[in-house]
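Everything on this sheet refers to the single structure shown next.
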Amino acid sequence: MTTIVLADHDNITLDGSTARTVSAAVELGAAVHVLVAGSNCAEVGSAAARLSGVETVIVADDAVFEHHMAEPLAALLVELAAGYDTIMASSSSTGKDVLPRAAALLDVMQVSDIIKVVSPDTFERPIYAGNAIETVQSTDPKRVITVRTSAFDAVAGDGNGKVEPHIAKLGSFKAQFEGENLSVADRPELGSARIIVSGGRALGSAERFDQVIGSLADMLGAAVGASRAAVDSGYAPNDLQVGQTGKIVAPDLYIAIGISGAIQHLAGMKESKIIVAINKDADAPIFQIADYGLVGDLFEIVDELKAALESRAA
Amino acid sequence: MKILVPVKRVVDAYVRVRVKSDGSGVDLAGAKMAMNPFDEIAIEEAIRLVEDGTAEEVVAVSIGAAPAVDTIRTGLAMGADRGILIKTDDRVEPLTVAKLLKALIEREQPDLVIMGKQAIDDDCNQTGQMLAGLLGWPQATFASKIEPGDGTVRVRREIDGGEQMVNLPLPAIVTAELRLNEPRFASLPSIMKAKKKIVEQIEASELGVDTTPRLKVLKTIEPTQRSAGKQLGSAAELVEKLRAKGVLG
């Protein structure tokens, strides 16, 4: 019995989330294969083969897979499904988009966003914005699973898997890719950052958000996150939103600045190892889960924080 | 254009749910219920497409026991034209919902299905994608903008690194992201008008779909709670504590 993991990548680099999804796959106890479907993506295939625990990397290299569209990827998974008893992907936007389509085509009920493997057919997953954890057992002959990667450690990079090309049977697909607008990656990715500095609506403007949150993040080598309110107000782009329906993160340190701590935001960051909250409202719900809190004017406090960090470094 | 919008009755987003101590599930007794927020956004988008002349009809559909009619009525009060309740007392999983919707869609023949990207109770984020797969229709998930064209719909999607633009021929499935729109509050005249709108009720068994769940829920527990930590006196103190914990690298 074998598990296949759909790799996350941009055709050039393998995303760090794949090493965590592989880690969950390894816990199922069966051999693990990784599927790299992309365009001119040989480098990604080689990188996947170096993940510890990966037996084989299947590379499906075709222009149709360049933009990770759901129809061709789901069709490919269905084409390959006969050889596998579990299909896994991370809860990346691609994983979330593609896997349920494949699951329905295979007549399998997907288990979304697992945080723990209890046994090859039994998993824990969060519901109600992480306020409850349900243990579910799949009764289907195959499993289709998405993995909440923040709940798993990455496997090491000392693997020695083999790479096999696969020529996909291609049909015609209806949805057409027209373009994309991706953030320039000049800071660590939210999904893999050790430290995240996150801002709320209290920052007041996109300029101040960048000045205050961005510069503190850069001092700490951190990623930048945002609350829904900050994104809705236009202070930060949507892909920085941390929360129940945005990014789920679990860094070593999460610094929440001017974020009140709505249930939906907490759902995205409450598994962080250390949480620091800075807010002028002593009753803000975020202080209920923060390990350390500072009440006061966030602009003053962040200035003091930066000064303290600089003098520490000196 | 005819638009079908599935809507789900869920616990209100601001309710802090309690987990039953015997592990049997979440305690919903007396909890305030509401339309899934993402489905409100879907209904709002559909109504705007009628208001701007692109679509002629919005049909709100829900699946569940009799109280789900309230959720459909909310959609009608916002401006949907008519409603359909697929009645069942059983727990239905996304795969079952997708199959029931497919059977209904074969009857109703909508051009576009707009639905919330996920329900805030089970947080599955699967139904729209499953429905698209079963129908063989194109899908555009996490839509932050929908632009109808000539027999097509162009959608801006929110993805991990930013945004993606796709163009789909109709019929198609689009799932709504938070920032697609801000749903309206139903006005009093609209609520009164809605009382006269029709809600058809169909038994799930009439649609020829096996509703048996594939997942067994073995137990439901509370996650480990974090407790409130220390209020510190200064930023300098914070830096000291973080350095001592070794997180500052």
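The values are calculated or read from the model by the stated rules, or taken from the named source; none is laboratory data. Computed from a predicted structure; not experimentally measured. No Cβ is skipped: glycine too gets one built from the backbone with ideal geometry, and neighbour counts run over all protein chains shown. When the accessible area is computed, the model is the full protein with side chains, heavy atoms only, and any ligands, DNA or RNA have been set aside. Shrake-Rupley method; radii C 1.70, N 1.55, O 1.52, S 1.80 Å.
Looking at A:L14, A:L51, which is the one that is touching a residue at least 60 places away in the same chain (Cβ under 8 Å) and crowded, with 20+ Cβ neighbours inside 10 Å?
On the way: A:L14 fails: touching a residue at least 60 places away in the same chain (Cβ under 8 Å).
Sole residue among the options that is touching a residue at least 60 places away in the same chain (Cβ under 8 Å) and crowded, with 20+ Cβ neighbours inside 10 Å: A:L51.
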Name, by its number, the condition in (1) more than 16 Å from A:G214 (Cα to Cα); (2) away from chain B (no Cβ under 11 Å); (3) open to solvent by 20 Å² or more (accessible area, probe 1.4 Å) that does not hold for A:H265.
(3)
Going through region A:290-302 one residue at a time, which ones are at the interface with chain B (Cβ under 8 Å from one of its Cβ atoms) and open to solvent by 20 Å² or more (accessible area, probe 1.4 Å)?
A:D291, A:V295
Residue match in region A:213-222 (condition: open to solvent by 40 Å² or more (accessible area, probe 1.4 Å) and over 29 Å from B:E163 (Cα atoms)):
no
Go through region A:136-150 and give me each residue that's farther than 22 Å from B:L134 by Cβ and open to solvent by 10 Å² or more (accessible area, probe 1.4 Å).
A:Q137, A:R148, A:T149, A:S150
Checked A:D153, A:D186 against criteria (closer than 23 Å to B:P223 by Cα, open to solvent by 70 Å² or more (accessible area, probe 1.4 Å) and more than 11 Å from chain B (Cβ to nearest Cβ)); the one match is A:D153
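Regarding B:V58, is this residue of a type in the set (V, I, T) and surrounded by fewer than 22 Cβ atoms within 10 Å (Cβ to Cβ)?
Criteria not met by B:V58.
Might you let me know whether region A:246-259 holds any residue that is over 17 Å from the mean Cα position of the chain (by Cα), buried (at least 18 other Cβ atoms within 10 Å of the Cβ) and among the hydroxyl-bearing types (S, T, Y)?
Here is the first cut: in region A:246-259, the residues over 17 Å from the mean Cα position of the chain (by Cα) are A:255-259.
Add one more test, that the residue is buried (at least 18 other Cβ atoms within 10 Å of the Cβ), and what stays is A:255-259.
Pick out the ones that are also among the hydroxyl-bearing types (S, T, Y) and you get none.
No; the residues of region A:246-259 include none that is over 17 Å from the mean Cα position of the chain (by Cα), buried (at least 18 other Cβ atoms within 10 Å of the Cβ) and among the hydroxyl-bearing types (S, T, Y).
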Those residues that are open to solvent by 20 Å² or more (accessible area, probe 1.4 Å) and either assigned to a loop (DSSP other than H, G, I, E, B) or without any contact (Cβ under 8 Å) to a residue 40 or more places away in the chain (or both), I need them from region A:22-38; list them, please.
A:E27, A:G29, A:A30, A:A31
Only one of (1) over 26 Å from B:A119 (Cα atoms); (2) more than 21 Å from the chain's Cα centre (by Cα) is not met by A:G234, so which one is it?
(1)
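Mind checking which residues of region B:61-85 are open to solvent by 50 Å² or more (accessible area, probe 1.4 Å) and over 14 Å from B:V5 (Cβ atoms)?
Step one: of region B:61-85, the residues open to solvent by 50 Å² or more (accessible area, probe 1.4 Å) are B:66-67, B:70, B:73-74, B:81-82.
Hits for region B:61-85 are B:A66, B:P67, B:D70.
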What number goes with the only condition from (1) under 26 Å from B:K32 (Cα atoms); (2) surrounded by fewer than 19 Cβ atoms within 10 Å (Cβ to Cβ); (3) in contact with a strand residue (DSSP E or B) (Cβ under 7 Å, 6 or more places away or on another chain) that B:M192 does not pass?
(3)
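Name every residue in region B:139-150 that is within 26 Å of A:V231 (Cα to Cα) and either open to solvent by 30 Å² or more (accessible area, probe 1.4 Å) or in a loop (DSSP other than H, G, I, E, B) (or both), in order of residue number. Before the answer, list the steps.
Just the residues of region B:139-150 that are within 26 Å of A:V231 (Cα to Cα), to begin with: B:139-148.
Across region B:139-150, the qualifying residues are B:K145, B:E147, B:P148.
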Among (1) within 11 Å of another protein chain (Cβ to nearest Cβ); (2) surrounded by 17 or more Cβ atoms within 10 Å (Cβ to Cβ); (3) in contact (Cβ under 8 Å) with a residue 60 or more places away in the chain; (4) within 18 Å of the chain's Cα centre (by Cα), the one test that B:E182 misses:
(2)
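Give me the residue from region B:160-179 that is under 18 Å from the mean Cα position of the chain (by Cα) and facing chain A (nearest Cβ under 7 Å) and, out of that set, least open to solvent (accessible area, probe 1.4 Å). Before the answer, list the steps.
Going through region B:160-179, the residues under 18 Å from the mean Cα position of the chain (by Cα) turn out to be B:172-179.
In the following step, the residues that additionally are facing chain A (nearest Cβ under 7 Å) were identified as B:178-179.
Details: B:L178: 21, B:R179: 59 Å².
This residue is B:L178.
Scan region B:48-72 for residues that are within 17 Å of B:A34 (Cα to Cα) and more than 16 Å from the chain's Cα centre (by Cα) and jot them down. Working first, answer last.
Initially, region B:48-72 is screened for residues within 17 Å of B:A34 (Cα to Cα), giving B:60-72.
Scanning region B:48-72 gives B:A65, B:A66, B:P67.
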Out of (1) at pLDDT below 95; (2) under 17 Å from the mean Cα position of the chain (by Cα), the odd one out for A:I263 is which?
(2)
Condition met for A:A60 (in a helix (DSSP H, G or I), among the hydrophobic types (A, V, I, L, M, F, W, C) and more than 17 Å from the chain's Cα centre (by Cα))
no
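Of all the residues that make up region B:9-27, how many are assigned to a loop (DSSP other than H, G, I, E, B), within 10 Å of chain A (Cβ to nearest Cβ) and open to solvent by less than 80 Å² (accessible area, probe 1.4 Å)?
Qualifying residue count, region B:9-27: 5.
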Of everything in region B:86-138, what is more than 14 Å from chain A (Cβ to nearest Cβ), open to solvent by less than 10 Å² (accessible area, probe 1.4 Å) and of a type outside the set (A, V, I, L, M, F, W, C)? Give them in sequence order.
B:P110
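Please determine, by comparing only the residues of region B:213-237 that are touching a residue at least 12 places away in the same chain (Cβ under 8 Å) and of a type in the set (V, I, T), which one is least open to solvent (accessible area, probe 1.4 Å).
Of everything passing the filter in region B:213-237, B:T220 is least open to solvent (accessible area, probe 1.4 Å).
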Check region A:99-113 and report whether any residue there is of a type in the set (D, E, K, R), more than 21 Å from the chain's Cα centre (by Cα) and over 28 Å from A:A175 (Cα atoms).
no
For region A:87-142, give me every one of the strands (runs of 3 or more DSSP E) that falls completely inside it and has 3 or more residues that are within 9 Å of another protein chain (Cβ to nearest Cβ).
A:111-114, A:122-127, A:132-138
All positions within region A:189-222 that are away from chain B (no Cβ under 13 Å) and under 17 Å from the mean Cα position of the chain (by Cα)
A:S198
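Could you tell me whether A:L309 is surrounded by 24 or more Cβ atoms within 10 Å (Cβ to Cβ), hydrophobic (A, V, I, L, M, F, W, C) and in contact (Cβ under 8 Å) with a residue 60 or more places away in the chain? Talk me through it step by step, then tell me what you get.
On the way: surrounded by 24 or more Cβ atoms within 10 Å (Cβ to Cβ): no; hydrophobic (A, V, I, L, M, F, W, C): yes; in contact (Cβ under 8 Å) with a residue 60 or more places away in the chain: yes.
For A:L309, the condition - surrounded by 24 or more Cβ atoms within 10 Å (Cβ to Cβ), hydrophobic (A, V, I, L, M, F, W, C) and in contact (Cβ under 8 Å) with a residue 60 or more places away in the chain - is not met.
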For region B:13-38, which residues satisfy the criterion of being of a type in the set (D, E) and under 19 Å from B:R91 (Cα atoms)?
B:D27
